[in-house]
Amino acid sequence: MDNTKYIALSRQMALWKQMDIVSNNMANMNTSGYKQDDAIFASYLTQTKNAEGFGKVPVYFTQDFGMYKDFKEGAIVHTGNTFDVALHGDAFFAIETPEGERYTRKGQFQLDADGQLITSEGYAVMSENNEPFFFAPGETEITIAENGDVSTENGIIGRIKTVTFENNQKLLKVADTMFENTSGNMMQPAENVRVVQGAVEKSNVDPITEMTEMIKLQRSYEMVQSMIDEEHDRISNTISTYSQLA
């Protein structure tokens, strides 16, 4: 296979990866607390024998460099539900899972049969003391203050643990709205963050932008495929012509 097809296929593979990312963003545009992903690509230069000498140029391939996580804040929508909680500011809720502590901005919480405050996936919401929250069966006047203090008619029972990180890009997405911290990425208690009870943060995906991007990617993929087909026809015709002259 010649360099033209290799280059075109590298571009198609990159476009396919980007299409997967855009499709996942669109699938989660109504998922509370979801942070969209964006693909990062770069030109990969290869020096070949054909590139040596005056007037020759190296071969550039498209390289899948990685993903950029967009952590801009989504719209805050008021629901009136007691256990819906949103965050204003750069911070995450701390959640206890079987795999260890994880972090999310999806604040759609609820109570389980034991009166424990949990996520919609069934994981415990942690307090600043690294303990779960439990409510007595008779407690009904539940309020969550802007600083994260959780109170009932019997007083304060704890403060919701919110944390910030040195570099959010080093967080590993382990689920659509859940993140794991990585080694060397310093974590500390959140400051200048406002907790909003009775509200949720919507996904930060712009559906119109993502739909436009998907259409553009599809057209680009078709253009590259057309180039591959034309190059294949060119080579086939050249071989056929030379074989007839031989």
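The values are calculated or read from the model by the stated rules, or taken from the named source; none is laboratory data. The shown structure was predicted, so the numbers you read here are calculated from the model rather than taken from an experiment. No Cβ is skipped: glycine too gets one built from the backbone with ideal geometry, and neighbour counts run over all protein chains shown. SASA here: full protein model, heavy atoms, side chains in, ligands and nucleic acids out. Shrake-Rupley method; radii C 1.70, N 1.55, O 1.52, S 1.80 Å.
May I ask you to give the percent of accessible area on segment 128-181 that is carbon plus sulfur, with a probe radius of 1.4 Å? Result for segment 128-181: 45 percent of the exposed heavy-atom area is carbon or sulfur.
Between D70 and E121, the C-beta separation translates, for a Förster distance of 22 Å, into a calculated FRET efficiency of about 0.45.
Residues of segment 155-172 with an amide N closer than 19 Å to a point placed 7 Å from the Cα of E191 along the Cα-to-Cβ direction: 160-168.
Solvent-accessible surface of segment 89-232, taken per residue with a 1.4 Å probe and all protein chains present: 53 Å².
Shown is the FRET efficiency for Q218 and M29, computed with R0 = 22 Å from the Cβ-Cβ distance and rounded to the nearest 0.05: 0.75.
Remark: spin-label model distance L172-F134 equals 3.2 nm, labels positioned 7 Å along the Cα→Cβ axis.
The residues E99, E213, E128, sorted by heavy-atom accessible surface at 1.4 Å with ligands and nucleic acids left out, run E99, E128, E213 from largest to smallest. In this rough spin-label picture, where each label sits 7 Å from Cα along the Cβ direction, the E141-T209 distance is 4.4 nm. Shown here is the pair-distance distribution of segment 71-170: with all Cα-Cα distances grouped in 5 Å bins from zero up to the longest one, the shares run 2, 12, 24, 26, 20, 10, 4, 1, 0 percent.
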